[in-house]
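The values are calculated or read from the model by the stated rules, or taken from the named source; none is laboratory data. This structure is a prediction, so every number in the text was calculated from the model and none was measured. Positions of Cβ are generated from backbone atoms using ideal geometry, with glycine treated the same way; all protein chains shown enter the neighbour counts. To get the accessible areas, we keep the full protein, side chains included, count just its heavy atoms, and leave off ligands, DNA and RNA. Shrake-Rupley method; radii C 1.70, N 1.55, O 1.52, S 1.80 Å.
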Amino acid sequence: MTMNVLGYAAKSAKAHLEPYRFERRDARPDDVVIEILYCGVCHSDLHHVNGDWKTNYPVVPGHEIIGRVISVGQNVTRFKAGDRVGVGCMVDSCQHCKPCKLGLEQYCEEGNTLTYNDKDRHDQRPTFGGYSEKIVVSDKFVLRIPDGLDLKGAAPLLCAGITTWSPLKHWQVKEGSHVAVVGLGGLGHMAIKLAKGLGARVTLFTRSPGKEADARRLGADEVIISTDKDQMAAVKGRFDLIVDTVPYAHDLNPYIPTLSLSGTLVLVGFLGELQPAVDSSALVTGRKSVAGSMIGGIAETQEMLDFCGKHGITSDVEMINMQDIDKAYARMLKSDVKYRFVIDMASLQKK
């Protein structure tokens, strides 16, 4: 048995998204059936639609999902109809490898099952994402949204939020830590808010002087123009952690000297070969590291959501209708959004 669902899909590379009907599975004993209320728009959605990454068409994007539980399978005890819930970038994993047992399902050795553009590991059916009316997900990969947290602003926490929270926690950012953020976009603005919430002193590295006022509004204590050699020299040896959110190849070498002894620069926005290469002399002589990090595990994501609920942290969002997704993609390419588009899925019913 299956349920017929309306969504928006791209049917080929660089195609416009259009209405698309498809089948969702009926609930298994451990499944949660969710009515989708809001879905954030991530840069990776655009990469998949354009075919920049390996895409299986038709693709229904969306992995920053906020919704309401409609029903649950017979074995589900953690959720009930009416609960406010979220679904992020993955909907399953092997559950038995070392990373999974550590609660780090994002690094599943067999590969986690992505929310869209993947195959269900049980029935081999394609997975379809949150640009749709409903979704059916194993209860282990459903997240509880704290009461009082704005649902619209919570949607990007499921990707942009956890992508920046995970390295902050792994490198033990706390009261008094010195944290820098490279880039002020969807990821960067969440990194500032979360690092500030953890009690860190937060600095933004940017090439754009015009971003200072917004960075300070978001919680940055200082803004450094990364192309200004004097400003960069003034923060030499300062930062315990630099969270680099830039999504394309760029020169890391100017940032390395600003790390403290044993400091780390962690890449969260770029996958690929670094150009130019990193000069290892600055790493070796200061026990410094360049690292990478990818989203977070389910327990870690729930921890982040609970933290955001306690501290009133959400993403800065601009609401759009589903029918305007192509325009939103075009604006996102020009960084013309502060700082994340979120689709009101009620608009799916509009003609």
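Gain in length, THR227 to ASP30, computed as 0.36 nm per residue apart minus the alpha-carbon separation, to one decimal in nm? Can you show the working numbers first?
Details: separation 197, 0.36 × 197 = 70.92 nm, distance 5.25 nm.
That works out to 65.7 nm of additional length.
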Lysine pairs in region 160-292 with alpha-carbon atoms under 16 Å apart, 8 or more places apart or on different chains: how many are there?
6
Based on the alpha-carbon set only, what is the convex hull volume of region 8-76 divided per residue, in Å³?
104
Output ordering of 112-118, 50-56 (per-residue mean of other Cβ within 10 Å, highest first) is 112-118, 50-56
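Sorted by mean Cβ packing within 10 Å, highest first, what order do the peptides 269-276, 181-188 take? Could you put the intermediate results ahead of the total?
On the way: 269-276: 12.4, 181-188: 26.8.
Going by the mean number of other Cβ atoms within 10 Å, highest first, we get 181-188, 269-276.
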Restricting to DSSP H runs of at least four residues, report the calculated mean residue ellipticity at 222 nm for the chain, -39500 (n - 2.57) per run over all residues, nearest 500 deg cm²/dmol.
-6000 deg cm²/dmol
At 7 Å along the Cα-to-beta-carbon direction for both SER335 and TYR107, put a label point, then send me their distance in nm to one decimal.
3.1
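Which of the trypsin sites (Lys or Arg not before Pro) found in region 211-288 are loop residues per DSSP with 14 or fewer other Cβ atoms within 10 Å of their Cβ?
Details: sites: LYS211, ARG216, ARG217, LYS229, LYS236, ARG238, ARG287, LYS288; in loops: LYS236, ARG238, ARG287, LYS288.
Answer by residue number: LYS236, ARG287.
So for the chain: antiparallel DSSP bridges make up what percent, rounded to the nearest 5? List each step's numbers first, then the result.
On the way: 34 of 61 bridges.
That works out to approximately 55 percent antiparallel.
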Separation of alpha-carbon centers, region 50-73 and region 244-301, rounded to whole Å
29
Can you classify region 192-245 as rounded, prolate or oblate using the Cα gyration tensor, where a ≥ b ≥ c are the square roots of its eigenvalues, rounded means a/c under 1.5, and otherwise it's prolate if a/b beats b/c and oblate if not?
oblate
Name the most mobile residue of VAL317, VAL278, VAL136, meaning the one with the largest mean-square fluctuation, in a Gaussian network model of the chain with Cα contacts below 10 Å.
VAL278
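Can you list which of the DSSP-assigned H helices in the chain have a Cα extent of 15 Å or more along the long axis and an average Kyte-Doolittle score of at least 0.0?
186-197
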Checked region 160-292 with the C-alpha gyration tensor, a ≥ b ≥ c its square-rooted eigenvalues, rounded below a/c of 1.5, otherwise prolate if a/b is larger than b/c and oblate if not; verdict rounded
By a straight-distance test (C-alpha under 19 Å), which aspartates and glutamates pair with LYS310 as possible cross-link partners, with residues fewer than eight away in the same chain excluded?
ASP83, ASP147, ASP150, GLU175, GLU300
Pick from VAL60, VAL235, VAL284: which residue has the top mean-square fluctuation in a GNM of the chain where Cα pairs under 10 Å get a spring?
VAL284
Give me the percent of the accessible area of the chain that comes from carbon and sulfur atoms, probe 1.4 Å, all protein chains in place.
51
Are there trypsin sites (Lys or Arg not before Pro) in region 75-170 that DSSP puts in a loop and that have at most 13 other Cβ atoms within 10 Å, and which ones?
ARG78, LYS80
